[in-house]
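Enquirer: Starting off with a structure, shown below.
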Amino acid sequence: LLVTAAAGGTGQFAVQLAKVAGKHVIATCGTPEKADLLRSLGADRIVQYKGPQREDLGKVLRREYKRGVDLVYDGVGGQMFENAVNNLAIGGKLLVIGQIGGGNYTTGWKPSMHKGVNEKLLWKSGSVEGFFLLHHAKRFSRHLQNLVSLYQSGQLKVAMDPTNFEGLESVVGAVEHLHSGRSQGKVVVNLARNNASL
């Protein structure tokens, strides 16, 4: 399994759930701190794509995973998507859960232009599937119970971004922090500043 933005709010769970299922996990991130988090979550191969320890994801996949990747959990889009398609295994599946690298939520995403994607998917009998969480709301309660059980048993950790966001007026700042690439784990806005019980 290849997980992009693996140290983010949802990527961290994809890494851990795959490890619980006994899968080999390749995780991408942009900083040494995020790489440390991913190591603590059990990622098998971490590809840091920014900074002095930068590795080229496409080259790593071609060199170390010659038969390709069976499943991709992509929350970045853009070049990450391109690398994922180029390195899918025969019959591989690419799950698109977001596009944090393809624009922003205030001005919209840039239209994707991935030359030859149809031919590459055909050649590999591969597939791409979009997954927008709110379309699956009916399944929340059943899966949430499973996640809580994994958390209570210690098999699932929740990494929270250490940046403090307080009150409704900080939501814009929290979203900007999320898009800056500096966030690590779940970004949370505390809306109940004066309510210690929450």
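Enquirer: Compare the Cα positions of Gly42, Thr28, Tyr65 along the charge dipole of the chain (+1 at Cβ of Lys, Arg; -1 at Cβ of Asp, Glu; about the Cα centre) and return the one farthest towards the positive end.
Expert: So the residue we want is Tyr65.
Enquirer: Separate question: So, R0 is 25 Å and r is the distance between the beta-carbons of Arg39 and Arg182; what FRET efficiency does that work out to, to 0.05?
Expert: Working: r = 19 Å, r/R0 = 0.77.
It comes to 0.85.
Enquirer: Which residues' amide hydrogens lie under 5 Å from the amide hydrogen of Ile46, considering only partners 5 or more residues apart or on another chain, with H built in the peptide plane?
Expert: Ala27
Enquirer: Quickly work out the His136-to-Arg62 label distance, labels modelled 7 Å from Cα along the C-beta direction, and quote it in nm with one decimal.
Expert: In this crude spin-label approximation the distance works out to 3.2 nm.
Enquirer: Also, quick follow-up: So, in nm, how far is label Lys50 from label Asn118 when the simple model puts each one 7 Å beyond its Cα toward the Cβ?
Expert: So the two model labels end up 3.5 nm from each other.
Enquirer: Based on the alpha-carbon gyration tensor of region 15-70 and its eigenvalue square roots a ≥ b ≥ c, which shape applies: rounded if a/c is under 1.5, prolate if not and a/b is larger than b/c, or oblate? Mind showing how you got there, number by number?
Expert: Working: a/c = 3.07, a/b = 1.08, b/c = 2.84.
Because a/c hits 1.5 or more and a/b fails to exceed b/c, region 15-70 counts as oblate.
Enquirer: With a 1.4 Å probe and all protein chains left in place, how much accessible area per residue does the chain have, in Å²? Before the final figure, lay out the partial values.
Expert: Numbers: 12020 Å² over 198 residues.
Dividing the accessible area of the chain by its residue count gives 61 Å².
Enquirer: Output wanted: per-residue J couplings in Hz (rounded whole) for region 80-95, from phi through Karplus 6.51 cos²θ - 1.76 cosθ + 1.60, θ = phi - 60°, x for Gly and Pro.
Expert: 4, 4, 4, 4, 5, 4, 5, 10, 5, 6, 4, x, x, 10, 10, 9
Enquirer: Would you grab the residues whose amide H sits under 5 Å from the one on Gly75? Only those 5+ places off in sequence or on another chain, please, with H modelled 1.01 Å from N.
Expert: Under 5 Å from the amide H of Gly75 lie the amide H atoms of Thr4, Ile97, each far enough along the sequence or on another chain.
Enquirer: For the chain, what % of the accessible area comes from carbon and sulfur atoms, probe 1.4 Å? Can you show the working numbers first?
Expert: Values: 6910 of 12020 Å².
Looking at the chain in its full context, I get 57 percent from C and S.
Enquirer: In terms of the Cα gyration tensor, with a ≥ b ≥ c the square roots of its eigenvalues, is the chain rounded because a/c is under 1.5, prolate because a/b exceeds b/c, or oblate?
Expert: Working: a/c = 1.61, a/b = 1.46, b/c = 1.10.
Since a/c reaches 1.5 and a/b is larger than b/c, the shape of the chain is classed as prolate.
Enquirer: Does region 13-107 classify as rounded, prolate or oblate by the C-alpha gyration tensor (a ≥ b ≥ c root eigenvalues; a/c under 1.5 gives rounded; else a/b over b/c gives prolate, otherwise oblate)?
Expert: Numbers: a/c = 1.25, a/b = 1.06, b/c = 1.17.
Rounded shape, in that the Cα axes give a/c under 1.5.
Enquirer: Let me ask another. How would you rank 68-78, 181-191, highest first, on the average number of other Cβ atoms within 10 Å across their residues?
Expert: Values: 68-78: 21.7, 181-191: 16.5.
In decreasing order of mean packing, 68-78, 181-191 become 68-78, 181-191.
The values are calculated or read from the model by the stated rules, or taken from the named source; none is laboratory data. Just so we're clear, the structure is a prediction, and the values are computed from it rather than from any experiment. Cβ sites come from the backbone with ideal geometry, for glycine too, and all protein chains shown count toward neighbours. Side chains included, ligands, DNA and RNA excluded: accessible areas come from the protein's heavy atoms. Shrake-Rupley method; radii C 1.70, N 1.55, O 1.52, S 1.80 Å.
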